[in-house]
Every structure is written in structure tokens, then in C-alpha cells.
Amino acid sequence: MSRRGQVFGDPVKAPEFDRRGFEGWRQRWWRLTGFWPGVDRLGHLVALEVGILEVTEVVQDWPPNIEAIRAVLPVTERNIFAYGGKIYSPSRGDLSRELIAHERVHFQQQGDLVDLWWEMFLADPEFRLTQEIPAHKAEYTEFCRNCKDRNRQVEYLRSLARRLSAPMYGGMIDFKQAMKAIRG
Ligand SMILES: [Zn+2]
């Protein structure tokens with residue numbers, strides 16, 4: 001169920017409805033703003049806020065490929081996993097909007113090739129980093145959208161940079177590089 005959210009600037013008149021172009025535009029818009037845009041009754045492109053918490057299914061269990069994940073990564077119950085359009089979260093069902101924004105980037109990356117994505121993610125730390133940077137960026141963007149306090153934003157950015165530079169993600173970059181990568 002989507003509900004009308006904030007509209008950014010003046011609605012843009014859609015000149016011709018080009019579904020493929022529109023989908024690409026939607027993806028970019030969502031990444032930038034955290035809003036999922038649609039077309040309103042007047043044919044204007046507007047930003048509709050998706051009830052992200054309602055539309056993302058959170059399963060309180062381990063993901064189907066947990067054994068493969070365990071073989072490579074130091075997994076704990078606190079971790080959450082994107083798999084086939086669902087978030088698997090063994091220890092809790094109430095995930096923050098920031099975490100959901102993060103996992104939704106992984107859904108987009110996985111597309112229809114969920115198992116292949118996971119194979120590459122586990123086998124290649126460099127690939128893992130290329131997938132985690134945009135996910136962490138989206139998480140940070142979502143936090144900044146919900147919290148305008150600069151100090152708390154920096155605090156959140158630092159916690160993300162600690163996570164991104166930790167062994168969980170292969171220790172591919174250090175803390176400072178992670179800060180820079182997430183802030184963009
Ligand atoms: Zn991730």
C-alpha cells in the first residue's frame with residue numbers, strides 16, 4: 001500500500017510515457033531520495049513515499065543459504081540478510097528504516113540472480129565491497145533524511161564506516177577510506 005509522501009519541487013510533466021526509461025529513472029530517484037516515485041492521476045511524475053516498513057517482508061529466521069554464508073563470514077544472530085526480496089533477521093523483526101534501505105539496495109543488485117549474487121558476494125571480497133558501498137550509502141542517506149541533527153549524522157556515518165571496514169566485509173578498506181566512500 002503506497003501512500004502519498006513528500007513531493008520534491010514542482011512535479012515534472014511526463015512528456016511521453018517510456019516504461020523502460022521510467023524504471024531507470026525510478027531506481028535512480030529512489031537511491032537519491034529514499035522515495036519511490038510513481039505517476040499520479042494527472043500524469044505528473046511525483047515522488048510517492050512507499051511505506052517501506054510495510055512493503056518489505058522481514059522473516060525472523062536464517063536465510064536459505066546460511067551454511068554457505070557461515071563458511072565464509074563471521075555471522076552472528078545480530079546480522080540480517082537480503083535474499084530473494086525478503087530480509088532474513090534471525091534475532092529481531094523490528095528493523096530500522098535505515099537497515100531496510102540498506103537491504104533494499106541488495107534486492108536491486110540481486111535482481112533475479114539471487115544465488116549467483118550470493119556466490120560472488122561470498123567468493124570475492126572485492127565484489128562484496130562494490131555491493132556494500134552503495135548499500136551503506138543508501139543507509140546513511142536514509143538516516144540523514146530522518147534525522148537532521150549534524151552530530152548524530154556524523155556519529156551514524158562513523159558507525160557505518162566501522163562496520164564497512166570490519167572483517168565481516170573482508171577488511172578491504174580502512175576506516176578513513178570507508179568514511180569517504182559512504183559520504184561520497
Ligand atoms: Zn549489505
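Where residues in region 142-179 are closer than 26 Å to residue 75 by Cβ and touching a residue at least 60 places away in the same chain (Cβ under 8 Å), which of them is surrounded by the most Cβ atoms within 10 Å (Cβ to Cβ)? Restricting to residues being closer than 26 Å to residue 75 by Cβ and touching a residue at least 60 places away in the same chain (Cβ under 8 Å), the top hit is 142.
Identify the residue in region 60-92 that is within 17 Å of the chain's Cα centre (by Cα) and not small (Gly, Ala, Ser) and, among all such residues, is farthest from residue 116 (Cα to Cα).
First pass over region 60-92, keeping only residues within 17 Å of the chain's Cα centre (by Cα): 79-89.
Then keep just the ones that are not small (Gly, Ala, Ser); that gives 79-81, 83, 86-88.
On the way: 79: 21, 80: 19, 81: 15, 83: 11, 86: 16, 87: 17, 88: 18 Å.
Here the residue is 79.
Please indicate, with yes or no, whether at least one residue in region 94-105 is charged (D, E, K, R), assigned by TED's automatic domain parsing to the domain that holds residue 161, farther than 16 Å from residue 163 by Cα and within 11 Å of the ligand (Cβ to nearest atom). Steps first, answer last, please.
Taking region 94-105 and keeping what is charged (D, E, K, R), we get 94, 97-98, 103-104.
Those still in the list that are assigned by TED's automatic domain parsing to the domain that holds residue 161 too: 94, 97-98, 103-104.
Next cut, farther than 16 Å from residue 163 by Cα only: 94, 97, 104.
With the extra rule that they be within 11 Å of the ligand (Cβ to nearest atom), the set shrinks to 104.
Yes; the residues of region 94-105 include at least one that is charged (D, E, K, R), assigned by TED's automatic domain parsing to the domain that holds residue 161, farther than 16 Å from residue 163 by Cα and within 11 Å of the ligand (Cβ to nearest atom).
A quick yes/no check of all residues on (1) out of contact with any Leu (no Cβ under 9 Å at 6 or more places or on another chain); (2) modelled with pLDDT under 65; (3) within 16 Å of the ligand (Cβ to nearest atom); (4) more than 18 Å from residue 101 (Cα to Cα):
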position	(1), (2), (3), (4)
30	yes, no, no, no
35	no, yes, no, no
44	yes, yes, no, yes
51	yes, yes, no, no
55	yes, yes, no, no
59	yes, no, no, no
67	yes, no, no, yes
70	yes, no, no, yes
82	yes, no, yes, no
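Residue pairs whose Cβ atoms lie under 7 Å apart, separated by 6 or more positions or on different chains, with the first residue in region 63-91 and farther than 18 Å from residue 120 by Cα and the second of a type in the set (Lys, Arg) and surrounded by 12 or more Cβ atoms within 10 Å (Cβ to Cβ), do not occur.
The values are calculated or read from the model by the stated rules, or taken from the named source; none is laboratory data. Fair warning: this is a prediction, and the values are worked out from it, not measured in the lab. Here Cβ is always computed from backbone atoms with ideal geometry, including for glycine, and neighbour counts include all displayed protein chains.
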